[in-house]
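Presented below is the structure to which this report refers.
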Amino acid sequence: MAIVIPDKPSTPLSGVLAYNWLLHGWPKTGKTQLASQFPRPIFLQTQVGTKSMSVFGVPVTNWDECCEFLTELEAKTDRFDTVVVDTAERLYDFLCEQVASDHNVDNISSMKYGSGWAEVQKRMTAYLEILAQLKKCVVLISHTRTIKDDSGAVEIDRVVPNLGDSARKIVVGWVDVCLYTAIRHPKQKKGGDKTEEEQEDEFIAVCRPRPGVEAGGRLRYLPPEILLSPTPADGYARLAAAVDESCERQLAELRGSSPAKTPKRSSKKGK
């Protein structure tokens with residue numbers, strides 16, 4: 001391939017489908033529901049988290065089936081715009097099991113000089129790159145775990161994707177945006193003698209880094225958080241609008257101009 005030096009800088013890509021995503025959060029916080037709203041998704045199901053949804057899903061139970069999924073998807077690539085991997089940690093587990101089997105050991109940690117982990121990292125990266133070559137939006141779903149973070153002045157608890165340190169570095173480094181999904185329990189005080197009454201829970205996605213939360217990415221003008229309720233469709237619509245607005249601002253920066261002002265979107269339900 002001949003190397004060609006471009007005459008002008010590239011234009012920032014626009015739209016949800018132009019980016020790869022990692023959604024992590026505790027169980028039942030709307031990760032899979034949100035992923036199902038991405039355009040024309042197909043699910044690689046290492047676990048069945050779509051029982052209450054109508055989706056195109058391919059259940060897999062081992063690494064060979066995960067690789068076969070790529071081959072079949074390549075043959076039917078025009079039918080789908082989004083590939084959802086649910087979950088990333090189970091995909092990684094399948095790979096670890098396969099590498100151990102290939103080397104006739106019970107666990108890759110027993111292989112010499114860390115060679116097992118090195119092979120897993122190399123093959124995991126290759127798998128993600130093959131996904132990228134299919135020219136699809138990739139959404140990786142992961143559960144969440146809590147770690148101790150002593151990188152600041154004081155040690156704090158931090159929620160991160162439920163992957164081992166090496167796997168987390170691969171996945172977080174590969175995706176463009178990492179979102180943390182959570183449930184917020186708002187309360188409203190009633191007047192008179194009435195006691196405090198709990199309102200309906202709100203599902204949110206944290207979009208920017210904050211103390212104690214792994215989130216953020218290349219779309220630096222996403223809002224700090226996005227309301228995902230009352231329905232997954234509402235949440236996806238807000239996310240898509242926020243992505244478009246972030247891309248517009250970054251494009252305006254490139255051109256040295258101010259982005260066109262758009263009406264502010266309320267994060268309140270029903271507006």
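The values are calculated or read from the model by the stated rules, or taken from the named source; none is laboratory data. Computed from a predicted model, the values in this text were never measured in an experiment. Because the Cβ atoms are built from the backbone with ideal geometry, glycine has one as well, and the counts that use them run over all protein chains shown.
Points to keep in mind about this one:
- Candidates S142, S109, filtered to the one that is more than 14 Å from the chain's Cα centre (by Cα), small (G, A, S) and either at pLDDT below 95 or under 21 Å from V175 (Cβ atoms) (or both): S109
- Output for segment 169-187, where each listed residue is over 12 Å from the mean Cα position of the chain (by Cα) and either surrounded by 10 or more Cβ atoms within 10 Å (Cβ to Cβ) or β-branched (V, I, T) (or both): K169, I170, A182, I183, R184
- Members of segment 1-44 found to be basic (K, R) and in contact with a strand residue (DSSP E or B) (Cβ under 9 Å, 6 or more places away or on another chain), listed by number: K28, K31, R40
- Listed by first and then second residue, the pairs linking a residue in segment 198-220 that is under 18 Å from A233 (Cα atoms) to a residue that is in a strand (DSSP E or B) and of a type in the set (S, T, N, Q), with Cβ atoms under 6 Å apart and 6 or more places separating them unless they lie on different chains, are A205/T181.
Per-residue answers, yes or no, for (1) modelled with pLDDT of 95 or more; (2) hydrophobic (A, V, I, L, M, F, W, C); (3) surrounded by fewer than 18 Cβ atoms within 10 Å (Cβ to Cβ):
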| position | (1), (2), (3) |
| --- | --- |
| K194 | no, no, yes |
| E197 | no, no, yes |
| D201 | no, no, yes |
| I204 | yes, yes, no |
| P209 | no, no, yes |
| G216 | yes, no, no |
| L222 | yes, yes, no |
| E225 | yes, no, no |
| A233 | yes, yes, yes |
